[in-house]
Amino acid sequence: MLYLSTRGHPDRKHFCEILLEGLAPDGGLYLPERYPRVDDATLTRWRALPYADLAFEVLSLYIDDIPAEDLRAICRRTYTAQVFGSPEIVPLRPLEDGVWLEALSNGPTLAFKDMAMQLLGNLFEYELGRRGAQLNILGATSGDTGSAAEYAMRGKKGVRVFMTSPQGRMSPFQQAQMFSLQDANIHNIAIEGVFDDCQDIVKAVSNDLEFKRRHNIGTVNSINWARLVAQVVYYFAGYFQATRSNDQKVSFTVPSGNFGNVCAGHVARMMGLPIDRLVVATNENDVLDEFFRTGVYRVRGSADTHETSSPSMDISKASNFERFVFDLLGRDAARTRALFADALSAKGRFDLSADPAFADAASKFGFESGRSTHANRLATLRDTWARFGQMVDTHTADGLKVAREHLRPGVPMLVLETALPIKFAATIVEALGREPQRPPGFEGIEALPRRVTNLPADVAAVKRFIEAHVA
Ligand SMILES: *Cc1c(COP(=O)(O)O)cnc(C)c1O
């Protein structure tokens, strides 16, 4: 399988090349040349597989430059009951008739990002070992991505992590999770500023190509294809748990920010998994809901990006969305490039409302959408607790609220649980008047010794810190 850029660059690459690369050289995102189709007999065979072996089957369709036995070993090492809390890895729990929660958040950092990041850590270690190379990952986080990356890369040979975060702005639990790591290859940098300052610093360092090359700087952000393909697996696993035969369709509702998670659902559907609808749920930052309702994609400025109680969905633009638009336009790279040039320029938008392709988003690709506000979140948390005794996190609450507006008779609806409530305790207390349950192993983490360096929002200071720690 070869990979191409959504912006038409002529190069075609293998999986392990794009694994360490991130963006394509023309600024586009990598996609496989085609989506392998999975037939009925294969689906039936996959039904019986444990999660790690299912992951191997899906991944092996996309990876032709890692020997099969090595890839299988990596999958089995990654997806274990010890790390993910149950033999199913992503168990379903029922709510009202026809509605299920798919638990993706029982990994080391209690958010779904572990599902892909744990695999990425093992793939990086494998590939860097093969090349005898080193990678210094520089990232910016407002919470979930940073901790998932650090827990995936801790102790991994050949990898160091430099993770910037806005000082004092992550939830107390998130700060404790990250800053209590004592591994020598993990560096927490608390920036005196907001998340945008962190992101600007990462961009500035990455744009210094000489520094980037000299210090082997890489990223782990959600545009990495390896993360996306790892997420395809749990759409299959959820489908198999909710159905008895391949005639049955199911729908998924996905709490969305950068469109990474639901894009994996799109890939699963293109492979032939019987998915009826893919419902995109946003919070007040409704870039994606606006597009699926109107055909207008309008990037928000920072003044227009709201700080909400589902903060991991507080985005101004959806960085993975270009992948879907490329497919929607029949893989027309020139048009994709022109549209995203508009969206990322002063114009700040593009408009497909009058384009016949826009109707395909719903009719051909199965997309629907909805949005949820702080008041909706609180009401959903209360209702789900009162009726089912189930506590969900604020992002999953946004998903549930929107899912309930898109139910169809006879089609099970799977809502992806993207984090556990303990990560966002303040809003849970506001809604329910009680603290969320703390999973075993997380007692007292706020009191552990911390390993974090405070730095000003200054690119030179961050570069000096990196240089001093890559020896
Ligand atoms: C990252 C994240 C999301 C958004 O996922 P995308 O792949 O960016 O759409 C939703 N919920 C939680 C809890 C997250 O951490």
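The values are calculated or read from the model by the stated rules, or taken from the named source; none is laboratory data. On a predicted model such as this, the values are computed, not experimentally measured, just so you know. Positions of Cβ are backbone-derived with ideal geometry, glycine not excepted, and every protein chain shown enters the neighbour counts.
Do we find a residue being at pLDDT below 95 and surrounded by fewer than 22 Cβ atoms within 10 Å (Cβ to Cβ) anywhere in region 268-291?
no
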Of all residues in region 196-214 being of a type outside the set (D, E, K, R) and under 19 Å from ALA133 (Cα atoms), the one that is nearest to the chain's Cα centre (by Cα):
SER206
Region 421-433 residues that are within 13 Å of SER310 (Cβ to Cβ), paired with ones that are within 12 Å of the ligand (Cβ to nearest atom) (beta carbon under 6 Å, 6 or more apart):
PRO421/ASP393; LYS423/LEU110; PHE424/ASP393; PHE424/THR394; THR427/SER309; THR427/THR394; ILE428/PRO421
If we keep just the residues of region 318-343 that are surrounded by 15 or more Cβ atoms within 10 Å (Cβ to Cβ) and of a type in the set (A, V, I, L, M), which is modelled with the lowest pLDDT?
ALA318
Need pairs with beta-carbon distance below 9 Å; first residue within 18 Å of ALA457 (Cα to Cα) and in contact (Cβ under 8 Å) with a residue 24 or more places away in the chain and within region 142-166, second of a type in the set (Asp, Glu) and within 16 Å of the ligand (Cβ to nearest atom); sequence gap 6+ or separate chains.
SER142/ASP314; MET163/GLU150
Checked pairs for region 378-401, first surrounded by 23 or more Cβ atoms within 10 Å (Cβ to Cβ), second assigned to a helix (DSSP H, G or I) and basic (Lys, Arg), C-beta under 7 Å and 6 or more apart or across chains, list as THR380/LYS401; ASP393/LYS423; THR394/ARG377; ALA397/ARG377; ASP398/ARG377
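Does region 1-43 hold any residues that are acidic (Asp, Glu), closer than 30 Å to LYS249 by Cβ and part of a loop (DSSP other than H, G, I, E, B), and which are they? Talk me through it step by step, then tell me what you get.
Our first condition is that a residue be acidic (Asp, Glu); within region 1-43, this holds for 11, 17, 21, 26, 33, 39-40.
Subsequent filtering for residues that are closer than 30 Å to LYS249 by Cβ retains 33, 39-40.
The answer is GLU33, ASP39.
Evaluate region 304-317: report whether one residue or more is among the acidic types (Asp, Glu) and either at pLDDT 95 or above or surrounded by 17 or more Cβ atoms within 10 Å (Cβ to Cβ) (or both).
Yes.
State all residues of region 194-211 that are within 16 Å of the ligand (Cβ to nearest atom) and of a type outside the set (S, T, N, Q); if no residue qualifies, say none.
We begin by selecting, within region 194-211, every residue within 16 Å of the ligand (Cβ to nearest atom); these are 195, 198-199.
Within region 194-211, PHE195, CYS198 meet the criteria.
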Being in a loop (DSSP other than H, G, I, E, B), within 21 Å of the chain's Cα centre (by Cα), touching a residue at least 12 places away in the same chain (Cβ under 8 Å) and closer than 30 Å to GLN174 by Cβ: is that true of SER319 here?
yes
Can you run down the residue pairs with Cβ atoms below 7 Å, 6 or more apart or on separate chains, where the first is in region 442-471 and over 16 Å from GLU192 (Cβ atoms) and the partner is loosely packed, with under 15 Cβ neighbours inside 10 Å and among the polar types (S, T, N, Q)?
ARG451/GLN182
